[in-house]
Amino acid sequence: MTVWLCASVSVSRMPGFDGRRPPSNWGAGVGPSQAAAPGTDFAAGAPGSRMGPYGNNMAAPGTGMGATGSDGRTPRGGASAATRLFDFRLTPNMRTADLDNPNSALSRLITYIVKGAASASQYVAVVPGYSRSPELQIQIRDDSIFVPGGNSANAQNGFRRTDVLPAINKATALSGVTTFYQTIRLDSRAPLVLAHGYLLASIEIPTGDHVWDIFAGSDFDSQNTAHTPSRNSQTIRVRDLRTNTLFSLPLSYDQAYNFAITVDWSANTLTVYASTGNSPLRKVAGPVSNDRKAASSSGQGEYHLQLIKFPLPDAKDPVSKRSDVPHVGFQEPIKREHVFFSNVYVTSGKNIQQ
């Protein structure tokens, strides 16, 4: 298994930072078997309510992974819909401790977990969602510092990160026309510090670029030593390989954001579908052309569910080094920060499952 995410690289090409592209190799993950080493006009309903502030009929945030309908939500798709290639389906009998057991059904859904030095279950958990169906919680702590290859010289002291890499089949999921679905929920009990930027999901290719990603919080500016939030800091957004925003939504806590991103690997286009709560997905962007790098990566890449907190520029660092965000920058102590994922799966074909 080839893993790319950053060791010692030039990071002046980080996504959303000084308008440049991402670096190659942000880090390498560890498999669950190595437990010791391992984005508009949608209304946001109040937690547990079915009504948004504008009278929209909204369901309680948080839906079950796999979209089986057991939570009262209409299953996405049917016999005539797209073919499901991968389903990160959490079942009621799965437990957080299963993440530390390489032979568990939960671990078999995961290729790698990028994390700090503690066991996987210290950073990732299976928790009951608002609808009582399980959700995957990914959290970061002060010790969420990834050390690629165990070499302290490569320690990513700039980032605080935890990534879960679903065990997709690259040959089928990263070729033809495929759609990546994920529901993301932010927790008011664990608010993000939006002067920082947060990477929430992505398809990363061998160059370190992202075919697409989902990002929240502030864009990095190496000159911003006052740590002023960027104008788009209060949004969650879907971006292309060049980090152009394709679609954004106001950021709201305790709200389910549903995203489906279709990649046509041959035509090299992206199409974005989105909704909130239990509302059906609708097309909000695309198809739009992507950078040529994306087309050349067909069959190669990694799907990440993640919480990567980018640093703030440190005035003590030379300007020339501040864009090396995996390795340098300022991070204040973390009180409590996590994000929830559900309805994670991949389909083939141009049809969208609801």
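Only the coordinates and a few stated rules stand behind these numbers; no lab work does. Predicted, not measured: the structure shown is a model, and the values here were computed from it. When we count neighbours, we look across all protein chains shown, and the Cβ atoms used for this are built from the backbone with ideal geometry, even at glycine.
For Q137, which of the numbered conditions (1) over 21 Å from K309 (Cβ atoms); (2) under 21 Å from the mean Cα position of the chain (by Cα) fails to hold?
Looking at each condition in turn, Q137 falls short on (1).
From V346, V272, V284, V325, grab the single residue that is over 23 Å from L251 (Cβ atoms) and among the hydrophobic types (A, V, I, L, M, F, W, C). Steps first, answer last, please.
Values: V272 fails: over 23 Å from L251 (Cβ atoms); V284 fails: over 23 Å from L251 (Cβ atoms); V325 fails: over 23 Å from L251 (Cβ atoms).
When all the criteria are applied, what remains is V346.
Given the criterion closer than 28 Å to P318 by Cβ and within 14 Å of the chain's Cα centre (by Cα), identify the matching residue among L194, L186, L199.
L199
With the requirement that a residue be basic (K, R) and touching a Phe, Trp or Tyr at 6+ places or on another chain (Cβ under 6 Å), what does segment 117-149 give you?
None - no residue of segment 117-149 is basic (K, R) and touching a Phe, Trp or Tyr at 6+ places or on another chain (Cβ under 6 Å), so the list stays empty.
Counting only residues that are within 21 Å of the chain's Cα centre (by Cα) and of a type in the set (A, V, I, L, M, F, W, C), which one in segment 88-103 is surrounded by the most Cβ atoms within 10 Å (Cβ to Cβ)?
Of everything passing the filter in segment 88-103, L99 is surrounded by the most Cβ atoms within 10 Å (Cβ to Cβ).
Specify which of the listed residues (R189, R160, R185) is in contact with a Phe, Trp or Tyr (Cβ under 6 Å, 6 or more places away or on another chain) and of a type in the set (D, E, K, R).
Values: R189 fails: in contact with a Phe, Trp or Tyr (Cβ under 6 Å, 6 or more places away or on another chain); R160 fails: in contact with a Phe, Trp or Tyr (Cβ under 6 Å, 6 or more places away or on another chain).
Matching residue, one of R189, R160, R185: R185.
Taking the conditions exactly as written (within 25 Å of R336 (Cβ to Cβ), among the acidic types (D, E), out of contact with any Gly (no Cβ under 6 Å at 6 or more places or on another chain) and part of a strand (DSSP E or B)), does D163 satisfy them or not?
Criteria met by D163.
Looking only at segment 181-205, count every residue that is assigned to a loop (DSSP other than H, G, I, E, B) and among the small types (G, A, S) and tell me the total.
Residues that pass the stated criteria total 3.
Return a yes/no flag: does segment 140-156 have any residue that is within 18 Å of R89 (Cβ to Cβ) and buried (at least 17 other Cβ atoms within 10 Å of the Cβ). Outline the logic, then answer.
Residues of segment 140-156 within 18 Å of R89 (Cβ to Cβ): none.
No; the residues of segment 140-156 include none that is within 18 Å of R89 (Cβ to Cβ) and buried (at least 17 other Cβ atoms within 10 Å of the Cβ).
How about segment 206-325: which strands (runs of 3 or more DSSP E) wholly inside it have at least 2 residues that are under 28 Å from V114 (Cα atoms)?
Hits in segment 206-325: 210-217, 235-240, 245-250, 256-264, 269-276, 302-309.
Select from segment 288-345 the residues that are under 14 Å from the mean Cα position of the chain (by Cα) and of a type in the set (S, T, Y) and write down the one among them that is surrounded by the most Cβ atoms within 10 Å (Cβ to Cβ).
S342
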